[in-house]
Structure formats: C-alpha cells, structure tokens
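Notes follow the structure.
The values are calculated or read from the model by the stated rules, or taken from the named source; none is laboratory data. Predicted model, so just to flag it, every value in this text is computed and none were measured. No Cβ is skipped: glycine too gets one built from the backbone with ideal geometry, and neighbour counts run over all protein chains shown. We work out accessible area using only protein heavy atoms, side chains counted, and drop any ligands, DNA or RNA first. Shrake-Rupley method; radii C 1.70, N 1.55, O 1.52, S 1.80 Å.
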Amino acid sequence: MKPNRSIDALIAELHALAQITAQEPPVVTRVVFSEADLRARAHVKGLCAAAGLAVTEDAVGNTFARWQGSDPALAPVGTGSHIDAIPNAGSYDGTVGVLGGLEAIRVLQSMGYQPRRSIELVIFTAEEPTRFGIGCLGSRMMGSVLSPAQALTLRDKEGRGLEELRTAAGFSGSLESVALNSGRFHSFIELHIEQGPLLEQEGIDLGLVTHIAAPASLRILVEGEGGHAGARLMPGRKDALAAAAELILALEAAAKSTGAVDTVGTVGVCEVFPGAVNSIPSRVRLETDIRDIDGARRDQVLDTLRAACSETAKQRGVQITTELVNADPPAACDEQILSVMEKAAADAGKTTRRMVSRAYHDSLFMARVAPVAMLFIPCRGGVSHRPDEYSSPEWIANGVNVLARTLAALSA
Ligand code: GLV
Ligand code: MN
Ligand code: MN
C-alpha cells in the first residue's frame, strides 16, 4: 500500500478550520455550542459529505461520518477526535485527528481500497471542559461514564444547562441514546498531536500511546467574610483568597510529594468575589486538575488536598466545601491495535516509540466500549493549548499515512 495524495489539501483545511474562531486568528477559541463551534461543525460536516460519507449526529451532537464497508453489518472501525477548542488555543489540538482522519479515509478512497468493515469518523462533542467544567462530555456519555441524569445537572458559568444549550444548538432526542453498546465499534484509533516535547526532542516520527493518564477535578468553594480593605484591620479577618492561596500551594506540594514525574496538579481557575481592589475577598471558587497514570497515586493527592481544605477551614475560620467533578480511571490501549500500528509505521518507513498520554482524550472513554489506541505526532516545542501550537506538514503527513494503513488493516 502506497498512499500518494498530496498533504496540501489537508493543511489548507486545517488552516481554514482555524479561521472559524471566536477570536482574531491565529487565536482559536471554539467553545462547545458557541456560534464558532456550530460553524466549524457545519464546515467539517460539509467536507465529510463531499467525501461521500454518511453523516449522522446523536442527541448531544457527537457526529459520525461513515464510509460504508462491503459488509455493513460488521462493527465499524472508528477514528476521530474533537474540534472544540479552549480559549486562546491553537489550530492542531483535536483537529488533526478529525481532518487527518477524514484525509486518511480519502487516501484509501483514492487508492481504490474498499473496506469490508465500515470506517467511521467521529467528531466528539466538548472534549474540552471550558463550558461545563468537565472534559470529554460526548465520549463520557458514549462510554456511560456520565449518565443522562448527571449530564442534565451540568451548567455553564452563566447558569445555562446542557438541555437548553443542546436544544439551541439544534440537537434533540433522548440523552439515553448517546451511550454506546460495547459492540458498536470494532476498534477506535485517535490521531493527535503529542502536546509534549518528547517526539520532537528525540527525532521520532510517531508515538504509539500505551496508556492515557487519569484526570480528576475537584471544585473548591471557599467562603470567608468580606469587608472594607482599609477599615477592617488584619486580626480576625476571614479572607477567602488568602485561604485559597494556601490550598493552591497545598496542591502543588501534594503533587510534588509523590516523587513520581507522572503526578501533576494544577489550579487553573480562581474566581474571586467581589473582585474589587479595595474589598476583602469573601468568596473564592477554585477548579483543580490532578492527573497521573496511576489512579491510586492520583487519588492520594486528592485526599491530601481534601485534608488541606479541612485544615485551612479550621485554622482560618472559613467555610470550605468541595465537589468532585470527575475522577476517571486511566485507560490502557489495546495491544493488538498497537502491533497493527507498529507494523503500519514500519511498512511506511517511520520511526516510533511507545509512550503515555499525559493529556486526556476522548479515547479514554471510548476505551470503555471498544479496543482503542492513539497515534501521536510531534508538535513544535511540545507547545499546545496556545495560539503558537504547530505541527509540520511532514509530521501530519506521517500521522495520516500510518493512520490510513492502520484503518485499512483493521477494516479488511
Ligand atoms: C485535554 O485537552 C486535556 O486537558 O488533557
Ligand atoms: Mn485540548
Ligand atoms: Mn485534544
């Protein structure tokens, strides 16, 4: 098999998609169900239809673009990723897996290949947690990790719920129908930028992901006592932000204390009320992100953080409540798919290394219902979630090439 399509069309499509953003390009912001997200969805669905794929959507907007196999009764081979983007993001996170997956299908079509199993491109709803505070909404529901009842409790910062937002975005139908049976997909492969520096540093073409790290998120509400920043003297203050600062440092210390490079802890959201320079903060909301490839070790950090919350509440006389947003188990990729990918890369003359994914991905939840594997390509400087995120046409072409070969092998 010798894919011989030029990569230029795909690179142009990635650039075109990056123009659909709520901010000035090259800054990409596409929050789920926003106007930019809906325009990007329409754009990508158009490309899928132009490639002859049959496009369907589920009740939360997960999108399936199917290339019918010669035996349509067989479970399809899936590939795909997401097109939503966090605020101030770049052009390659998720989109390489979606448009690269589509390109892999077009490569096979252009070679006259006829799959026996259908090949289905999946565009997942809300991989990013920006709107609802929880990542991988669509795949989480597909993998039955988030029930419809739990999903209906999700709210964005403006207090709008999933039901209102999905309806406004044009998605309806029973949320129960989003969950997939374990036989729905034969296998699932996600192509993605590494979002870390290893492949580029080591000059390796492709990463074969063996494990996906387990993310957890604890939301913390600190309630103290506000007041005049000048008139209220320091003794007896119940400054919610000063208390929150202790928790931020406690999380950093807890993540470092495991001694494992794989443990990471971050406070990415700190909302201060009332947020006025001459007013003592009375309320602070923190959102934390804790990850490890070892779920038990990750949970130890969570426990330490919860203990710090109790201790700080006691010491400072503030009220601290916590809400566990998610604590997901890590996923292991399927050894058989990894061997197929390894052979595909060798046949294509590309170098590989096995590695773990420290970022989470929709594959983490697809692993609940299908054998999965992920294929990483390098990104410059390991930079991601930033407008200067970049992966070269050559790196992208390598990913598409090996993905196409893998899809062919699995669908034959
Ligand atoms: C996904 O975007 C992640 O934060 O790992
Ligand atoms: Mn991302
Ligand atoms: Mn991503």
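Residue count for the range 83-100 satisfying the condition of being more than 30 Å from Glu158 (Cβ to Cβ) and either open to solvent by 20 Å² or more (accessible area, probe 1.4 Å) or more than 14 Å from ligand 2 (Cβ to nearest atom) (or both): 2. Which of (1) out of contact with any strand residue (DSSP E or B) (no Cβ under 9 Å at 6 or more places or on another chain); (2) at pLDDT 95 or above does Gly236 not meet, given it meets every other one? Going through (1) out of contact with any strand residue (DSSP E or B) (no Cβ under 9 Å at 6 or more places or on another chain); (2) at pLDDT 95 or above one by one, Gly236 breaks only (2).
Pull up the range 314-340, narrow it to residues that are hydroxyl-bearing (Ser, Thr, Tyr) and exposed (fewer than 14 other Cβ atoms within 10 Å of the Cβ), then point me to the one that is farthest from Val369 (Cα to Cα). Let's see the steps before the verdict.
Let us first name the residues in the range 314-340 that are hydroxyl-bearing (Ser, Thr, Tyr), namely 321-322, 339.
Add one more test, that the residue is exposed (fewer than 14 other Cβ atoms within 10 Å of the Cβ), and what stays is 321, 339.
Values: Thr321: 34, Ser339: 20 Å.
This residue is Thr321.
Residues checked against (1) farther than 22 Å from Arg368 by Cβ; (2) touching an Asp or Glu at 6+ places or on another chain (Cβ under 9 Å); (3) buried (at least 16 other Cβ atoms within 10 Å of the Cβ):
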| site | (1), (2), (3) |
| --- | --- |
| Glu127 | no, yes, yes |
| Arg140 | no, yes, yes |
| Glu164 | yes, no, no |
| Val178 | no, yes, yes |
| Phe185 | no, yes, yes |
| Ile193 | yes, yes, yes |
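For residues in the range 213-266 being free of Cβ contacts under 8 Å to residues at least 40 places away in the same chain and open to solvent by less than 40 Å² (accessible area, probe 1.4 Å), which is nearest to His361 (Cα to Cα)? It would help to see each step written out before you state the result.
Residues of the range 213-266 that are free of Cβ contacts under 8 Å to residues at least 40 places away in the same chain, as a first pass: 231, 233-236, 245, 248-249, 252-253, 256, 259-261, 263, 266.
Then drop every residue that is not open to solvent by less than 40 Å² (accessible area, probe 1.4 Å), which leaves 260, 263.
Working: Ala260: 22, Thr263: 17 Å.
The extreme case among them is Thr263.
Restricting to the range 355-399, name every residue that is in contact with a Pro (Cβ under 6 Å, 6 or more places away or on another chain) and of a type outside the set (A, V, I, L, M, F, W, C). Outline the logic, then answer.
Here is the first cut: in the range 355-399, the residues in contact with a Pro (Cβ under 6 Å, 6 or more places away or on another chain) are 360, 382, 387, 395.
Within the range 355-399, Tyr360, Gly382, Pro387 qualify.
Criterion applied to Glu103, Glu57 was being surrounded by fewer than 21 Cβ atoms within 10 Å (Cβ to Cβ) and at pLDDT 95 or above, and the one residue passing it is Glu57. Screening Val301 on (1) farther than 30 Å from Glu223 by Cβ; (2) more than 16 Å from ligand 1 (Cβ to nearest atom); (3) buried (at least 23 other Cβ atoms within 10 Å of the Cβ) shows it passes everything except condition (1).
Kindly check whether there is at least one residue in the range 358-368 that is away from ligand 3 (no atom under 16 Å from the Cβ) and buried (at least 22 other Cβ atoms within 10 Å of the Cβ). Step through it out loud before you land on a result.
Within the range 358-368, the subset away from ligand 3 (no atom under 16 Å from the Cβ) is 368.
Then drop every residue that is not buried (at least 22 other Cβ atoms within 10 Å of the Cβ), which leaves none.
No - not one qualifying residue is present in the range 358-368.
Filter the range 174-205 for residues that are acidic (Asp, Glu) and more than 16 Å from ligand 1 (Cβ to nearest atom); which is farthest from Thr95 (Cα to Cα)? Only one residue tops the list, namely Glu176.
Quick test for you: out of Asp289, Asp299, Asp303, pick the one residue that is without any contact (Cβ under 8 Å) to a residue 24 or more places away in the chain and not in a loop (DSSP other than H, G, I, E, B). Break it down stepwise before answering.
Details: Asp289 fails: without any contact (Cβ under 8 Å) to a residue 24 or more places away in the chain; Asp299 fails: without any contact (Cβ under 8 Å) to a residue 24 or more places away in the chain.
Unique residue meeting the criteria: Asp303.
Beta carbons closer than 8 Å, at least 6 apart along the sequence or on distinct chains, pair a first residue in the range 114-128 that is at positive phi with a second that is within 16 Å of ligand 3 (Cβ to nearest atom) and assigned to a strand (DSSP E or B) for Ala126/His82.
Looking at the structure I just gave you, is Arg106 part of a loop (DSSP other than H, G, I, E, B), under 22 Å from Ile189 (Cα atoms) and in contact with a helix residue (DSSP H, G or I) (Cβ under 9 Å, 6 or more places away or on another chain)? First the steps, then the outcome.
Numbers: part of a loop (DSSP other than H, G, I, E, B): no; under 22 Å from Ile189 (Cα atoms): yes; in contact with a helix residue (DSSP H, G or I) (Cβ under 9 Å, 6 or more places away or on another chain): yes.
For Arg106, the condition - part of a loop (DSSP other than H, G, I, E, B), under 22 Å from Ile189 (Cα atoms) and in contact with a helix residue (DSSP H, G or I) (Cβ under 9 Å, 6 or more places away or on another chain) - is not met.
Can you name the residue in the range 14-43 that is outside any loop (DSSP other than H, G, I, E, B) and open to solvent by 30 Å² or more (accessible area, probe 1.4 Å) and, of all such residues, is nearest to Glu389 (Cα to Cα)? This residue is His15.
Scoring Met111 on the criteria (1) of a type outside the set (Ser, Thr, Tyr); (2) open to solvent by 10 Å² or more (accessible area, probe 1.4 Å); (3) within 16 Å of ligand 3 (Cβ to nearest atom); (4) under 30 Å from Met1 (Cα atoms) leaves a single failure, condition (3).
Among the residues of the range 187-234, count how many are within 30 Å of Arg116 (Cα to Cα) and β-branched (Val, Ile, Thr).
Initially, the range 187-234 is screened for residues within 30 Å of Arg116 (Cα to Cα), giving 187-193, 205-212.
Now restrict to residues that are β-branched (Val, Ile, Thr): 189, 193, 209-210, 212.
Final tally of qualifying residues: 5.
Answer yes if at least one residue in the range 311-323 is in a loop (DSSP other than H, G, I, E, B), away from ligand 3 (no atom under 16 Å from the Cβ) and in contact with a Ser or Thr (Cβ under 6 Å, 6 or more places away or on another chain), and no otherwise. The answer is no; no qualifying residue exists. Residues that are under 19 Å from the mean Cα position of the chain (by Cα) number at least 3 in the following helices (runs of 4 or more DSSP H) confined to the range 109-185: 137-142.
Counting only helices (runs of 4 or more DSSP H) wholly contained in the range 332-412, the ones carrying 2 or more residues that are more than 16 Å from ligand 2 (Cβ to nearest atom) occupy 335-347, 393-411.
To keep it simple, each residue is scored yes or no on (1) within 16 Å of ligand 1 (Cβ to nearest atom); (2) within 24 Å of Ile377 (Cα to Cα); (3) touching a residue at least 60 places away in the same chain (Cβ under 8 Å).
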{"site": "Ala40", "(1), (2), (3)": "no, yes, no"}
{"site": "Gly46", "(1), (2), (3)": "no, no, no"}
{"site": "Gly52", "(1), (2), (3)": "no, no, no"}
{"site": "Ser70", "(1), (2), (3)": "no, no, no"}
{"site": "Ala75", "(1), (2), (3)": "no, no, yes"}
{"site": "Gly80", "(1), (2), (3)": "yes, yes, yes"}
{"site": "Ala89", "(1), (2), (3)": "yes, yes, yes"}
